[in-house]
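The values are calculated or read from the model by the stated rules, or taken from the named source; none is laboratory data. Everything numeric in this text was worked out from a predicted model, so none of it was measured. Cβ placement follows ideal geometry from the backbone for every residue including glycine, while neighbour counts extend to all protein chains displayed. Ligands, DNA and RNA are excluded from the accessible area calculation, which covers all protein heavy atoms including side chains. Shrake-Rupley method; radii C 1.70, N 1.55, O 1.52, S 1.80 Å.
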Amino acid sequence: MKQTLRKIHKRATIFELILIGVWILLLQTYMATNSFIAETKFMLQNPMLILLNGLPIGVALVLLCCLTRNSFVSGGIANAVFGLMSYANLLKIDGRDDPFVPGDIALLREAMKATGEYRLDMHWGIVAIIVLSTAAMIFLGIYLGKSQKNRKVFRLIAAILALSVLAGAYFKLYKNKELYASFPVSSAYNITAVFNELGFNYCFLYNLNLYAADKPD
């Protein structure tokens with residue numbers, strides 16, 4: 001039985017990565033403060049948002065898979081990273097009605113200290129989902145072993161292509177102000193509403209060079 005599963009595992013690497021990517025995207029959508037059904041419906045009505053939010057996940061999965069040669073281990077790592085970032089966004093919105101932006105990473109230590117000043121709903125159910133799904137993927141990765149035996153050159157080329165796609169998309173799509181303004185959000189001047197409706201990954205990358213946190217003198 002185990003050998004059969006391993007054979008399937010080695011032949012289904014791409015399919016596994018797609019399923020894991022869909023799971024991570026759905027998990028992040030669930031963690032938005034909007035209704036999960038309403039947010040999913042909004043993305044289906046604006047398919048470009050699925051690409052914009054799913055591309056970073058896909059690139060991360062490809063890069064991690066090239067590094068670990070294990071689709072489930074790669075999925076576990078990506079699930080933890082994207083899940084925790086969305087969770088931080090959820091907590092910040094709950095505490096300050098303000099989403100988690102790139103500049104907040106530089107202030108992570110200060111943010112951890114400041115959490116003691118707020119009575120936050122820690123959403124332990126979501127924490128459990130992130131932890132259990134990450135653990136399940138890591139377990140499957142260890143149990144089934146490596147997904148592929150591709151040569152280093154092939155993995156290097158795949159990694160370079162993935163990074164090139166993300167870099168091109170960043171300058172052509174994620175920094176495109178006209179595209180960002182084209183989506184029919186409920187309140188363009190409410191950054192929290194925009195993050196919830198357009199998706200965390202897209203808005204996070206769009207704001208990469210905005211809201212910079214400069215260290216005071």
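If a helix is a whole DSSP H run, which ones in the chain reach 15 Å or further along their own axis (Cα) and hold a mean Kyte-Doolittle hydropathy of at least 1.6?
Flagged H segments are 13-30, 47-68, 124-144, 152-169.
Quick one: pull the percent of accessible area on the chain belonging to carbon and sulfur, 1.4 Å probe, ligands and nucleic acids left out.
The value for the chain is 67 percent carbon and sulfur by accessible area.
Considering only 193, 73, 35, whose Cα is most displaced toward the positive end of the charge dipole of the chain, charges sitting on Cβ of Lys, Arg (+1) and Asp, Glu (-1)?
Sorting the options by dipole projection puts first 73.
Set the Förster distance to 22 Å, then compute FRET efficiency between residue 172 and residue 14 from the Cβ-Cβ distance, nearest 0.05.
That gives a FRET efficiency of 0.30.
Residue 122 versus residue 135, label points 7 Å from Cα toward the beta carbon: distance in nm?
1.6
If ligands, DNA and RNA are left out, what is the accessible area of residue 69 with a 1.4 Å probe, given in Å² to the nearest 10?
Its accessible surface works out to 60 Å², give or take rounding.
How large is Rg over Rh for the chain, taking Rg from the Cα atoms and Rh as the Kirkwood inverse mean of 1/r across Cα pairs?
Reported Rg/Rh (Cα atoms, Kirkwood Rh): 0.99.
Obtain the nm distance between the two label points defined at residue 4 and residue 210 by a simple spin-label model: each point lies 7 Å from its Cα along the Cα-to-C-beta direction.
That separation, rounded to one decimal, is 5.3 nm.
Kindly report the accessible area of segment 148-194 per residue (heavy atoms of protein chains, probe 1.4 Å, no ligands, DNA or RNA), in Å².
Value for segment 148-194: 73 Å² per residue.
Compute the signed sum of charges (Lys and Arg +1, Asp and Glu -1) over the other residues within less than 12 Å, Cβ to Cβ, of residue 143.
+3
For labels at residue 163 and residue 41 in the simple 7 Å Cα→Cβ model, what's the distance in nm?
My value for the distance between the label points is 4.3 nm.
Just how large is the dipole of the chain about the Cα centre, in debye to the nearest 20, putting +1 at every Lys and Arg Cβ and -1 at every Asp and Glu Cβ?
1580
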